[in-house]
Amino acid sequence: MTDNNELIRLSAARLAEKLAAGEVTSVEVTQAYLDRIAAVDGGERGVNAFLHVNAEEALAVAAEVDAIRAAGGAEADALHVLAGVPIAVKDLIVTVGQPTTAGSKILEGWHSPYDATVVERLRAAKMPILGKTNLDEFAMGSSTEHSAYGPTRNPWDLDRIPGGSGGGSAAAVAAFEAPLALGTDTGGSIRQPGAVTGTVGVKPTYGSVSRYGAIAMASSLDQIGPVSRTVLDSALLHQVIGGHDPRDSTSLPDPLADLVAAAKTGSVEGMRIGIIKELHGEGYQAGVENRFNDSLELLREAGAEIVEVSCPNFQYALGAYYLIMPSEASSNLAKFDGVRYGLRVLPEDGPMTIERVMGATRAAGFGDEVKRRIILGTYALSAGYYDAYYGSAQKVRTLVQRDFDAAFTVADVLISPTAPTTAFRLGEKLDDPLAMYLNDVATIPANLAGVPGLSLPGGLADEDGLPVGIQLLAPAREDARLYRVGAVLESLLEAKWGGPLLAQAPALGELVEAKEAK
Amino acid sequence: MNTDAILSFEEAMEKYDPVLGFEVHVELNTKTKMFSSAPNVFGDEPNTNVNEVDLGMPGVLPVVNKAAIESSIKIGLALNCKIAESCRFARKNYFYPDTPKNFQTSQYDEPIAYDGYLDIELSDGTVFRVEIERAHMEEDAGKLTHMGGATGRIQGADFSLVDYNRAGVPLVEIVTKPIEGAGSRAPELAKAYVAAVREIVKNLGVSDARMERGNVRCDANVSLRPHGRERFGIRSETKNVNSLRAVEHAVRYEIQRHAAVLDSGEPVVQETRHWHEDTRTTTSGRAKSDADDYRYFPEPDLVPVVPSREWVEELRATLPEPPAARRKRLQADWGYSDLEFRDVVNAGVMDEIEETIAAGASASVARKWWMGEIVGRAKNADVDPGQLGVRPATIVELARMVEEGKINNKMASEVLDGVLAGEGTPAEIVDKRGLAVVSDDGPLLEAIDAALAAQPDVADKIRGGKVQAIGAIVGGVMKATRGQADAGRVRELILEKLGVTV
């Protein structure tokens, strides 16, 4: 029997091995994580990664897996490799049996009548779902401070943001409250939280993972992906959730490549890795730049060829993103009107017409950032402005895609820092939306082009001792390359550090207690 | 309640030239909805044929129904349209509770079919070509029922009920180019155009095409301009005119109303109008301007529809004969006069006559039975002639019995009543009712003697050469034999008896 404190720190791959070997039961693992959540997540100074904890159902699934294993035979042999390994799900993804809020008051208490495709696949693999994780309302933000249910705290420093919008999933994994989590990435919402919490996050190729059941922010940019502590774990999870889904028209028909095998390749010898000129240097924190250079050096030593590429149109990517994303969001969020589900607010006085009920509901139910983006998007799509805004942004999108196409003729994989800075303080950028938006400058191009991106821990910044993320980008449908290069770089870095980066994180339980005692 | 002034139609026509335009919505009869797997069924309990997609639940995504695309292509081909090589859906954004997502997924600038035409035959045989601008795919909205008001409209209602069964039903919207030059035939053309579209989609089997159920709905655009002016006048759009008769009446009314407005020197207001069947008038709906901003943009949740040329040609090859061409062929085959054929078409028994002929009847016999016997009965029963349940084989058998002299026409009609009453086959009914023609001359001669004796003056007239007076004697004999005599034989015997040769 392993000590719980050790157990929760194991990777998902290692947990899977121990479960398969009968060294530990899924109920023990699941309970250990539930205990950890109870210890560090709640309270005034808790991490607040979870909006809902699904203990009963998670333990029931764990017990079912244990019973199947105990019985042995064909059913036990047929168990998925991750069967019994618990997981947390971003609360933007709908689940039967648990509330789904999207971090918004407008969906408070709403229960989905159906499961997202990825959730169906988690259930089919018999992975206990620990609960739903916090996020910026409707995934709109880079700090999780725009959640209607309070911000999530960064396990490295509870006064700092865990990134966003998927701060809950990243923080849950970083704080050892879950070995795995699902996120969604529209402009960096998986990768940037991964960077600032010292975890791994992957935005798969657009269409690689079904979006059915992910509450849409920007349909042409959204993608569900894995969040984990190791590159191999993300590959394992990606393999569970990926593949064609007939309920998502934009889902790729191609069979999924063997991503787990790619993560186990163990070599970058002869691979061409391209530094994107426009995505480092000016505007990037010195400590971020230093760790980025460390990674380049390690890859070079490992036999990769480091080349420099230029993507001149990336400078327009942020602007284009902030037209396309709000345009689609303004339409996607129109359905939240108080008529069929969720919050309904009646006007305080005056006639009780449907328009006024819709207006009162949306005024009360949406937070400021959501309203800001709905207004932006409505404006950008308006007659007379469409060509100048939405139309131009689509052209930029094409140019960004061409930049990627050109870059991938000289490089197999591209590399950059994931975010320009380490985690900023809670509240620091809340009143400055533009500064907040700039956080996604390095992650947005991948969403505009539909290419996959992976963020992994690159070390700690010299000036603040906080995690720095390294981003890898590959051509569409070549997600396997990310896992191959990511796993090699991870092992080189961990060899240098003498263990996982998260081992250097402050002891969270004590941190929470100490802060609360203050 | 309606206070709009109108001019007489004749006066309106003297002064103005009408320009028409139609948007006809056709509900497709696919098994499932446009973007979801929920059943597409009319008339079920409200809100039962819905799933999370139709209700616009958080997280759902649409998937295009391939059968709906196939039907849309068929409609496009039947309207002589070009079929797009690639086309996209767009979102039409507006807040209204019958639209669960608060946007309608519809084709906008990339319709699946475009640039077609339809030749419309008017009652006098003139053919009028209506140009089709486009036929595009979209989804229907839910159905709102406004409760508590006097009119059933939203004004004055206390609350509204919404049924999402119809939300997401596949629609094809067929839009004409402006129709000029119809003149005083405009109301007739309007009706004939909608009838032709309805007939085409019914013939293709892609829609149930029942206007009373809203399977085919027409928005009629009307504007007037003074004779000789090129520029169009300001139009009104009368929404949801849902019967062929109403289309004709609504266009006629709007022409009269526009003429009165123009005569008064006022500008016509660009607006939607509501049609009222009871008063046969329209009332103002909502002001509509070209500036209505639906913030259309390409639907990012759907990939473009790219019908391969092979598929389009396959579908073209399966198209049934166009209704107009079929009519032309049938009239020629049957040898009916224009008038006779038009009566057949108007009575709605063309298909039935075709089947009856196929079963072995001659064209003239088939027409005589359907037009002479069955249409009248259907009218009395208030059903379509085809719904009376007369089988082609029955008519063939009745016609054969008459031809063989077993029964006469009057008896045959009686036998038909028996068949319709479910008494059995014609032969059984003839037996049961004892309806065989009396061909033994003995009883007939007795009856003739009695008839001649009863009307000696008529007998004299016949002897004197007025043979046409014979009807009175024949009638007497038929009466005496309760109609069972062969009238032709009776006539022969009377003439023989009176020694008259003709």
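The values are calculated or read from the model by the stated rules, or taken from the named source; none is laboratory data. Bear in mind the structure is a predicted one, so any value in this text is a computation, not a measurement. In this analysis, Cβ positions are derived from the backbone assuming ideal geometry, glycine residues included, and neighbour counts consider all displayed protein chains.
Residues in segment B:228-279 that are assigned to a loop (DSSP other than H, G, I, E, B) and surrounded by 14 or more Cβ atoms within 10 Å (Cβ to Cβ): 8 in all.
Can you find a residue in segment A:436-448 that is within 14 Å of chain B (Cβ to nearest Cβ) and either within 29 Å of A:Ser251 (Cβ to Cβ) or of a type outside the set (S, T, N, Q) (or both)?
Initially, segment A:436-448 is screened for residues within 14 Å of chain B (Cβ to nearest Cβ), giving A:447-448.
Cutting the leftovers down to either within 29 Å of A:Ser251 (Cβ to Cβ) or of a type outside the set (S, T, N, Q) (or both) gives us A:447-448.
Among the residues of segment A:436-448, at least one is within 14 Å of chain B (Cβ to nearest Cβ) and either within 29 Å of A:Ser251 (Cβ to Cβ) or of a type outside the set (S, T, N, Q) (or both), which makes the answer yes.
Filtering segment B:75-96 to residues that are buried (at least 19 other Cβ atoms within 10 Å of the Cβ), in contact with a Gly (Cβ under 8 Å, 6 or more places away or on another chain) and either outside any helix (DSSP H, G or I) or within 14 Å of another protein chain (Cβ to nearest Cβ) (or both) leaves B:Leu79, B:Cys81, B:Ile83. Select from segment A:456-477 the residues that are farther than 12 Å from A:Leu414 by Cα and not aliphatic (A, V, I, L, M) and list them in ascending order. Correct list: A:Pro457, A:Gly458, A:Gly459, A:Asp462, A:Glu463, A:Asp464, A:Gly465, A:Pro467, A:Gly469, A:Arg477.
Being buried (at least 24 other Cβ atoms within 10 Å of the Cβ), part of a loop (DSSP other than H, G, I, E, B) and without any contact (Cβ under 8 Å) to a residue 60 or more places away in the chain is the requirement here; does A:Ser189 meet it? Walk me through it before giving the result.
On the way: buried (at least 24 other Cβ atoms within 10 Å of the Cβ): yes; part of a loop (DSSP other than H, G, I, E, B): yes; without any contact (Cβ under 8 Å) to a residue 60 or more places away in the chain: yes.
So A:Ser189 passes the test.
Just one residue in the set A:Leu107, A:Leu135 is aliphatic (A, V, I, L, M), surrounded by 22 or more Cβ atoms within 10 Å (Cβ to Cβ), within 14 Å of chain B (Cβ to nearest Cβ) and in contact with a His (Cβ under 9 Å, 6 or more places away or on another chain); that residue is A:Leu135.
Can you work out which of the residues in segment B:32-45 that are of a type outside the set (D, E, K, R) and away from chain A (no Cβ under 14 Å) is surrounded by the fewest Cβ atoms within 10 Å (Cβ to Cβ)?
Start the filter on segment B:32-45 by keeping residues that are of a type outside the set (D, E, K, R), which leaves B:32, B:34-43.
Within this subset, residues satisfying the condition of being away from chain A (no Cβ under 14 Å) are B:39-43.
Details: B:Pro39: 15, B:Asn40: 23, B:Val41: 13, B:Phe42: 15, B:Gly43: 6.
Checked segment B:32-45; the qualifying residue surrounded by the fewest Cβ atoms within 10 Å (Cβ to Cβ) is B:Gly43.
What residue, of B:Arg286, B:Arg342, is buried (at least 16 other Cβ atoms within 10 Å of the Cβ), over 30 Å from A:Gly207 (Cβ atoms) and of a type outside the set (Asp, Glu)?
Matching residue, one of B:Arg286, B:Arg342: B:Arg342.
Count of segment A:346-376 residues, restricted to those that are at the interface with another protein chain (Cβ under 9 Å from one of its Cβ atoms) and under 26 Å from A:Thr186 (Cβ atoms), is 1. Looking across segment B:97-108, just one residue is within 14 Å of another protein chain (Cβ to nearest Cβ), part of a loop (DSSP other than H, G, I, E, B) and under 17 Å from B:Ile69 (Cα atoms), and that is B:Tyr108. The set of residues in segment B:134-153 that are buried (at least 16 other Cβ atoms within 10 Å of the Cβ) and without any contact (Cβ under 8 Å) to a residue 24 or more places away in the chain contains only B:His146.
Of everything listed in (1) at positive phi; (2) crowded, with 23+ Cβ neighbours inside 10 Å, the single unmet condition for B:Pro18 is (1). Pairs, please: C-beta under 7 Å, at least 6 apart or cross-chain, first residue facing chain A (nearest Cβ under 10 Å) and in segment B:47-74, second of a type in the set (Gly, Ala, Ser) and not in a loop (DSSP other than H, G, I, E, B)? From residues that are facing chain A (nearest Cβ under 10 Å), the pairs are B:Gly59/A:Ala214. Taking the criterion of being within 14 Å of another protein chain (Cβ to nearest Cβ) and either in contact with a strand residue (DSSP E or B) (Cβ under 7 Å, 6 or more places away or on another chain) or of a type in the set (Lys, Arg) (or both), would at least one residue in segment A:119-128 satisfy it? Yes, there is a match, as at least one residue in segment A:119-128 is within 14 Å of another protein chain (Cβ to nearest Cβ) and either in contact with a strand residue (DSSP E or B) (Cβ under 7 Å, 6 or more places away or on another chain) or of a type in the set (Lys, Arg) (or both). Residues in segment A:148-164 that are part of a strand (DSSP E or B) and in contact with a helix residue (DSSP H, G or I) (Cβ under 8 Å, 6 or more places away or on another chain) were compared, and the one that is surrounded by the most Cβ atoms within 10 Å (Cβ to Cβ) is A:Asn154.
Only one entry of A:Ala172, A:Ala181, A:Ala195 meets the criterion of being closer than 21 Å to A:Gly465 by Cβ and not β-branched (Val, Ile, Thr), and that entry is A:Ala195.
In the set (1) within 21 Å of A:Ala49 (Cβ to Cβ); (2) away from every other protein chain (no Cβ under 14 Å); (3) in a loop (DSSP other than H, G, I, E, B), the condition left unmet by A:Asp254 is number (1).
So, B:Val383, is that one β-branched (Val, Ile, Thr) and loosely packed, with under 15 Cβ neighbours inside 10 Å or not? Steps first, please.
On the way: β-branched (Val, Ile, Thr): yes; loosely packed, with under 15 Cβ neighbours inside 10 Å: yes.
For B:Val383, the condition - β-branched (Val, Ile, Thr) and loosely packed, with under 15 Cβ neighbours inside 10 Å - is met.
Summed over segment A:308-335, the residues that are facing another protein chain (nearest Cβ under 9 Å), touching a residue at least 40 places away in the same chain (Cβ under 8 Å) and either on the phi > 0 side of the Ramachandran plot or touching a Gly at 6+ places or on another chain (Cβ under 6 Å) (or both) give a count of 2.
Assessment of segment B:369-384 against the conditions (under 18 Å from B:Glu199 (Cβ atoms), at pLDDT below 95 and either part of a helix (DSSP H, G or I) or within 14 Å of chain A (Cβ to nearest Cβ) (or both)) yields no matching residue. Pairs are defined by a Cβ separation below 6 Å, a sequence spacing of at least 6 or placement on different chains, a first member in segment B:293-313 that is within 7 Å of chain A (Cβ to nearest Cβ) and farther than 15 Å from B:Asn65 by Cβ, and a second member that is of a type in the set (Asp, Glu) and surrounded by 13 or more Cβ atoms within 10 Å (Cβ to Cβ); the pairs so defined are B:Pro300/A:Glu328.
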